[in-house]
Amino acid sequence: VRLNDFVTQTEWLPRLDHFLVGQSLLFDTLTWHEHSQVGYARLQTAVPPTNAVDAAKFDPLPWESQQEGVVASSRQSIELPVQLGVVKLAPYALGEAAFFGNDVNGDSNTRLYGQAGIKGSLPMWSVNHDIQSELLNLRGLAHKLVFDADYSFSDADKDLNQFPLYHPLDDDSTEHFRRR
């Protein structure tokens, strides 16, 4: 049941997903991640406002088109985590192949995507044993912080605007703001 017709939503009828997260390869040297899915999607686009003032500001996004069809994709990623003192660096490569039963023009289409880069993280933490609270059930307090960075190059064989965006990039409020 579609409750909010003023936002773009995808209905999956049905959808199967398979995840493999952090599989160790080559004696814990490489890490492999995988996400594959297949499903039948129906993209329900936002209904324009009835108020003339709001309707004048309403501009559908390029990927918002009433489409439905089979969507199948597989994303594979491999990385080589290396610990350099307190910093962890991980060069990685990622690839995705996706099939869309209907693109924005109603034709079946495929899209290949690739990405290569390096990720880094620097964790920091501190423990304060002097903080005590019966009310909050505290016997010390730990602060943990991780600084992450990712530098990458990515490319695809087809522009994203050629495909209905069955998997939203942003939440509903951000998409509504972009439409205006």
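Before moving on, here are some points about what is shown:
- Hits in the stretch 96-108 - residues which are in a strand (DSSP E or B), open to solvent by 30 Å² or more (accessible area, probe 1.4 Å) and farther than 27 Å from Leu80 by Cβ: Phe99
- Only listed residue being without any contact (Cβ under 8 Å) to a residue 24 or more places away in the chain and open to solvent by 70 Å² or more (accessible area, probe 1.4 Å), chosen from Asp148, Asp59, Asp159: Asp159
- Residue in the stretch 62-91 that is least open to solvent (accessible area, probe 1.4 Å), counting only those that are in contact (Cβ under 8 Å) with a residue 60 or more places away in the chain and within 19 Å of the chain's Cα centre (by Cα): Val71
- Of the residues making up the stretch 109-127, those that are open to solvent by 60 Å² or more (accessible area, probe 1.4 Å) and either over 27 Å from Asp28 (Cα atoms) or of a type in the set (Lys, Arg) (or both) number 5.
- Evaluation of Ser133 against the conditions (1) open to solvent by less than 40 Å² (accessible area, probe 1.4 Å); (2) touching a residue at least 12 places away in the same chain (Cβ under 8 Å) shows that the sole unmet condition is (2).
- Members of the stretch 162-174 that are open to solvent by less than 60 Å² (accessible area, probe 1.4 Å) and within 28 Å of Ser121 (Cβ to Cβ): Asp170, Thr174
- Within the stretch 52-80, the set of residues being touching a Phe, Trp or Tyr at 6+ places or on another chain (Cβ under 9 Å) and more than 30 Å from Pro14 (Cβ to Cβ) comprises Glu79, Leu80.
- Among the residues of the stretch 122-180, those identified as more than 27 Å from Gly101 (Cβ to Cβ) and aliphatic (A, V, I, L, M) are Leu122, Met124, Val127, Ile131, Leu135, Leu136, Leu138, Leu141, Ala142, Leu145, Val146, Ala149.
- Within the stretch 16-43, if we keep just the residues that are without any contact (Cβ under 8 Å) to a residue 40 or more places away in the chain and among the charged types (D, E, K, R), the residue that is nearest to Pro91 (Cα to Cα) turns out to be Asp28.
The values are calculated or read from the model by the stated rules, or taken from the named source; none is laboratory data. Please read these numbers as outputs of a predicted model, since none were measured by experiment. Reconstructed Cβ throughout: ideal geometry from the backbone, glycine too, with neighbour counts over all protein chains shown. What goes into the accessible areas is simple: the full protein's heavy atoms, side chains included, and nothing from ligands, DNA or RNA. Shrake-Rupley method; radii C 1.70, N 1.55, O 1.52, S 1.80 Å.
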